[in-house]
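Here is the structure we will look at, set down as structure tokens.
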Amino acid sequence: MSARTPAAAHVLVLGGTTEGRRLAEALAGEPGLRVTSSLAGRVNRPVLPPGETRIGGFGGPEGLADWLREHAVDAVVDATHPFAERMSFHAAAAAAAAGVPLLALRRPSWAPVPGDDWHEVSSLEEAAAVLPGLGERVFLTTGRMGLAAFAGLDDLWFLVRSVDAPEGPRPARTEVLLDRGPFTLDGERALLRAHAVDVLVTKDSGGAATSPKLTAAREANVPVVIVRRPPVPPGIAVAADVPEALVWLHRTVRPLPEPGTTGR
């Protein structure tokens with residue numbers, strides 16, 4: 001009589017970031033493991049990770065908790081954008097309700113270096129309030145959502161860069177640049193020069209894919225308004241990168257072997 005094969009462990013990755021995709025890639029070849037990546041669906045033509053994918057919301061924390069139970073999820077990794085605050089708190093509530101371990105995968109925040117002229121604020125509204133005293137030609141890299149916070153600044157000119165076209169209220173003098181990172185330092189230098197940018201606004205997303213703009217701003221003596229990221233829900237384990245997340249998963253989810261070894 002043959003031994004019964006254990007069911008594959010199921011990991012849900014709340015994705016939408018480079019780290020979420022890389023984690024799914026690392027887990028896709030693991031024996032005894034099933035990985036599902038969930039994407040919010042706010043970006044047209046997203047880069048899909050390997051493994052199973054689902055697109056769209058869950059219907060709040062209750063809906064996510066039901067999904068975790070229904071699909072026998074063994075662990076959740078919240079690899080959403082550092083500013084996806086609502087989704088992170090929904091994930092924490094749902095994981096607690098379903099009794100499923102939860103990890104937040106968060107790339108480290110950016111840190112200023114000598115020569116930076118940073119102005120840290122807690123919201124887009126605060127960023128809009130400080131802009132008139134810093135410059136007149138704004139490079140706005142906070143995404144297509146939230147432009148309404150800057151809509152009343154008619155005396156300023158804005159270059160808005162986003163993956164998809166923004167919708168809703170926006171500043172009267174706006175030029176939209178549709179582009180997707182990673183961005184190069186040479187490209188960011190050229191962009192600041194071509195548009196005579198004299199102030200940059202960004203969220204503290206962290207990571208290397210969009211950080212060259214900070215170096216270009218420092219070199220050009222351009223002040224930077226940085227919106228601080230919201231905190232991770234209290235009591236949640238945090239990994240700074242994919243290798244750390246893999247260590248947590250191999251310690252938390254049965255029956256995965258340790259990284260670098262093979263199961264028998």
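The values are calculated or read from the model by the stated rules, or taken from the named source; none is laboratory data. Owing to the predicted nature of the structure, the values given are computational and were not obtained by experimental measurement. So basically every Cβ, Gly included, is an ideal-geometry build from the backbone, and we count neighbours across all protein chains shown.
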Thr142 passes all but one of the listed conditions (1) surrounded by fewer than 19 Cβ atoms within 10 Å (Cβ to Cβ); (2) in contact with a helix residue (DSSP H, G or I) (Cβ under 7 Å, 6 or more places away or on another chain); the exception is number (1)
Which ones in segment 121-135 are in contact (Cβ under 8 Å) with a residue 60 or more places away in the chain, farther than 14 Å from Val222 by Cα and part of a helix (DSSP H, G or I)? Leu124, Glu126, Ala127, Val130
Could you tell me which numbered condition Arg180 fails, if it satisfies all but one of (1) charged (D, E, K, R); (2) in a helix (DSSP H, G or I); (3) under 23 Å from Val47 (Cβ atoms)? (2)
Let me confirm something: among Thr215, Thr184, Thr202, which residue is surrounded by fewer than 17 Cβ atoms within 10 Å (Cβ to Cβ), touching a Leu at 6+ places or on another chain (Cβ under 8 Å) and either within 22 Å of Ala111 (Cβ to Cβ) or not β-branched (Val, Ile, Thr) (or both)? Thr215
Of these, Ala91, Ala95, Ala149, which one is among the aliphatic types (A, V, I, L, M) and not assigned by TED's automatic domain parsing to the domain that holds Glu19? Ala149
I need a count of the residues in segment 170-222 that are hydrophobic (A, V, I, L, M, F, W, C), under 16 Å from Glu136 (Cβ atoms) and touching a helix residue (DSSP H, G or I) at 6+ places or on another chain (Cβ under 8 Å). 8
Inspect segment 52-71 for any residue being in contact with an Asp or Glu (Cβ under 7 Å, 6 or more places away or on another chain) and either in a helix (DSSP H, G or I) or within 28 Å of Asp164 (Cα to Cα) (or both) and give the result as yes or no. no
